[in-house]
Amino acid sequence: MSPEEPSDHMPKLSPTRYTIVPKQPEAHLFEASCSVDDPDPRGQRFALPAWIPGSYLIRDFARNVVTIRAQSGRRSIPIAKLDKHTWAAAPVEGTLTVTLQVYAWDLSVRGAHLDTSHAFFNGPCVFLRPLGKEARPCEVEILPPRGARYRSWRVATAMRRKLAPSFGFGLYRAASYDELIDHPVEMGGFALAMFEAGGVRHDVAISGRHDADLDRLCSDLSRLCESHIRLYGKPGPVDRYVFLVTAVGKGYGGLEHRASTALLCSRDDLPRLGMRAPSASYRTFLGLCSHEYFHAWNVKRIRPAAFTPYDLEHENYTRLLWAFEGITSYYDDLQLVRSGLISESDYLEILGRSITSLLRTAGRMKQTVEEASFDAWIKYYRPDENSPNAQVSYYLKGSLIGLCLDLIMRKRTRGRKSLDDVMRALWERYGRTGLGVPEDGIEKLAAQVAGTSLWAFFNNALRTTHELPLKQVLATVGVGMQLRTAQSPADQGGKAVTVAAADISAISRRVGLGVRATEDPAGARLTHVLDAGAAQAAGLSAGDVVVAVDGLKVNAENLDQRLARYQPGSIATLHAFRRDELLVVEVKLRASPLDTCTLALVASSRAAARRRRAWLHGKS
Ligand SMILES: [Zn+2]
């Protein structure tokens, strides 16, 4: 079915009119209506999206619809369900209004959440799509909940106001359904701050209890946003951008939109008054902001052809998520060092941790990054106990492919071209024009920008499970890569460890079970049993609770300490429970793998040092 296209000789189409109100905050119920003036004479159909762009999993938002009714004037109109997310109203002349009650108790960036303290929703959760009328302009009346306790509530969204005060309730508008559902909305008593960067106004709305230093946050975000706009070139893609932040005790997540982002963070991630250098968790939060902001270009406007337009009913398959998520992940941290928010050594530490994380994913030897992209719908968003053995993250490997591509281009073109130029070319060719990027579009454009064939690199990186040439490419910018064994379960790599000379041989002979474990009242609960590890060879499985090693009680915390006394090749007797059955297994311990990466500057040529400065300071 093709949606109507407005044209010169057609009468101006009447907008689809919506209302949304937090009807019963205490029961987590929104009421949302959708009105069309000229319903399909055969019976107007309406649907809710099965998924939300940016999060590639079928979520079936219709599952949270509690009631639905249709009316025309005062007349009640029959409405019947056609499939899991589509309804058809009986044929009617005149304006047809369909009203939903939607349950909203999902405190994630992808859903809708409502209680007496705030309201948040994404359009796909609440706004019906009138089939065949998607291209029409939309108007939404955003209404406050009834009651004195909600009088101080305000509205934060990047949707344009039609008749509403700044941050107020009232009438908002969007050019089409696609745009309507791309502007999440927060209502409540959030804190507000504002800054200008690259000629663009940016608003930050933070809900949830927090004591963030807003001036510091705005000053840091402003440098970051400037740096992104500088990378792609002025003007930026929007004239106003909104960061919608929800601060909670413990949480992490972000979802990109065309002119805003919804972020979930721990309140301790936000900067506190008097903080000097960014804490590790604030660095991570800035990286998240950077990631979602970069998406305003890369995926929201430079879009795969598979998403042009989005099919909101079905999975949209593409092999390019390594680029849309991976290259975005490469730039999110790189732009922090380029904008001076973190030091070069901080950046190398972050990069070392990413490499460690990839090396600890045995699934990289089984799944290519193109396969990971394609199967996001059934794999990445549905991780299980075997995921590290069977899958590779297109975010993680994609970001390191971005690094390799960038450094290879810089070396081969003697510093004349880089991945920055590829991103600018993608922006010019696809972002500004709205054309979808074909599946081979990025490889072709990169080769064109570089003026040399990159086929061998791309083929190896995207379509095989061979290792990436990380050590070689880092050497071209005077960065040395070293591998060692993990020092503890908390050792995520990145940092060099200093050990006394006497301990060095002990470290190199460390043994491991090859598991990931979490605390359990009875002992150490295995969450993952890794391929080629001692535990797997001995027959232990995810879900088993290890209670003793050679007769001594263990838990997730002291398991490693206990094992540190053994030598590779020695045998330990483990007691474990699988369900309620006691297992006694002999485990032949193996040396821990060299899967922990440290990066450091090494003595290098002047050309390498020059390339490193250009790379870390954002010059081709
Ligand atoms: Zn992303």
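Miscellaneous remarks
- Filter result (among the β-branched types (Val, Ile, Thr), within 17 Å of the chain's Cα centre (by Cα), more than 11 Å from the ligand (Cβ to nearest atom) and over 29 Å from residue 84 (Cα atoms)) within the stretch 300-341: 302
- Any hit, the stretch 126-140, residues being among the basic types (Lys, Arg), within 28 Å of the chain's Cα centre (by Cα) and buried (at least 16 other Cβ atoms within 10 Å of the Cβ): yes
- So residue 240, is it touching a helix residue (DSSP H, G or I) at 6+ places or on another chain (Cβ under 9 Å), more than 21 Å from residue 118 (Cβ to Cβ), basic (Lys, Arg) and touching a residue at least 24 places away in the same chain (Cβ under 8 Å): no
- Look at (1) of a type outside the set (Phe, Trp, Tyr); (2) surrounded by fewer than 18 Cβ atoms within 10 Å (Cβ to Cβ); (3) in a loop (DSSP other than H, G, I, E, B) and you find that residue 527 fails only one, number (3).
- Looking only at the stretch 87-103, and only at residues there that are in a strand (DSSP E or B) and touching a Gly at 6+ places or on another chain (Cβ under 7 Å), the one that is surrounded by the fewest Cβ atoms within 10 Å (Cβ to Cβ): 88
- Filter result for residue 84 (free of Cβ contacts under 8 Å to residues at least 24 places away in the same chain and under 19 Å from residue 130 (Cβ atoms)): no
- For residue 373, the conditions (1) in contact with a Lys or Arg (Cβ under 6 Å, 6 or more places away or on another chain); (2) within 16 Å of the ligand (Cβ to nearest atom); (3) more than 30 Å from residue 180 (Cα to Cα) all hold with the exception of (3).
Conditions tested, residue by residue: (1) touching a helix residue (DSSP H, G or I) at 6+ places or on another chain (Cβ under 8 Å); (2) of a type in the set (D, E, K, R); (3) buried (at least 20 other Cβ atoms within 10 Å of the Cβ).
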residue	(1), (2), (3)
162	no, yes, no
172	no, no, yes
179	no, yes, no
188	no, no, yes
198	yes, no, no
208	yes, no, yes
216	no, yes, no
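- First in the stretch 97-109 and more than 13 Å from residue 18 (Cβ to Cβ) and in contact (Cβ under 8 Å) with a residue 40 or more places away in the chain, second anywhere and part of a loop (DSSP other than H, G, I, E, B) and not β-branched (Val, Ile, Thr), Cβ under 6 Å, 6 or more apart: 103/28; 104/28; 105/28
- Any hit, the stretch 163-170, residues being touching a strand residue (DSSP E or B) at 6+ places or on another chain (Cβ under 7 Å), farther than 20 Å from residue 109 by Cα and assigned to a strand (DSSP E or B): yes
- Among (1) assigned to a strand (DSSP E or B); (2) within 37 Å of the chain's Cα centre (by Cα); (3) of a type outside the set (Val, Ile, Thr) - the single one residue 594 does not satisfy: (1)
- In the set (1) in contact with a helix residue (DSSP H, G or I) (Cβ under 6 Å, 6 or more places away or on another chain); (2) without any contact (Cβ under 8 Å) to a residue 12 or more places away in the chain; (3) not acidic (Asp, Glu), residue 129 fails one condition alone, (2).
- Counted as qualifying within the stretch 370-437 are the helices (runs of 4 or more DSSP H) with 1 or more residues that are among the aliphatic types (A, V, I, L, M) and closer than 14 Å to residue 325 by Cα, namely 394-412, 419-426.
- For first residues located in the stretch 584-596 and within 17 Å of residue 549 (Cβ to Cβ) and of a type outside the set (Asp, Glu), partners that are modelled with pLDDT under 95 and not in a loop (DSSP other than H, G, I, E, B) and lie 6+ apart or on another chain with Cβ distances below 6 Å form the pairs 589/511; 592/512.
- Tabulated pairs, the stretch 391-408, first under 17 Å from residue 423 (Cα atoms), second of a type in the set (Phe, Trp, Tyr) and away from the ligand (no atom under 13 Å from the Cβ), C-beta under 9 angstrom, 6+ apart or interchain: 401/457; 401/458; 404/457; 405/457; 405/458; 406/615; 407/615; 408/457
- Residue list for the stretch 257-272, restricted to those being part of a loop (DSSP other than H, G, I, E, B) and of a type outside the set (A, V, I, L, M): 257, 258, 271, 272
- When residues of the stretch 205-256 are limited to those that are small (Gly, Ala, Ser) and outside any loop (DSSP other than H, G, I, E, B), the one nearest to the ligand (Cβ to nearest atom): 254
- Scope the stretch 257-272; condition within 16 Å of the ligand (Cβ to nearest atom) and closer than 11 Å to residue 289 by Cβ; matching residues: 261, 263, 265
- Residue list for the stretch 441-464, restricted to those being surrounded by 15 or more Cβ atoms within 10 Å (Cβ to Cβ) and either under 19 Å from residue 361 (Cβ atoms) or among the β-branched types (Val, Ile, Thr) (or both): 442, 449, 460, 461, 462
The values are calculated or read from the model by the stated rules, or taken from the named source; none is laboratory data. Note that this is a predicted model, so its numbers are computed, not measured. We place every Cβ from the backbone using ideal geometry, glycine too, and count neighbours over all the protein chains shown.
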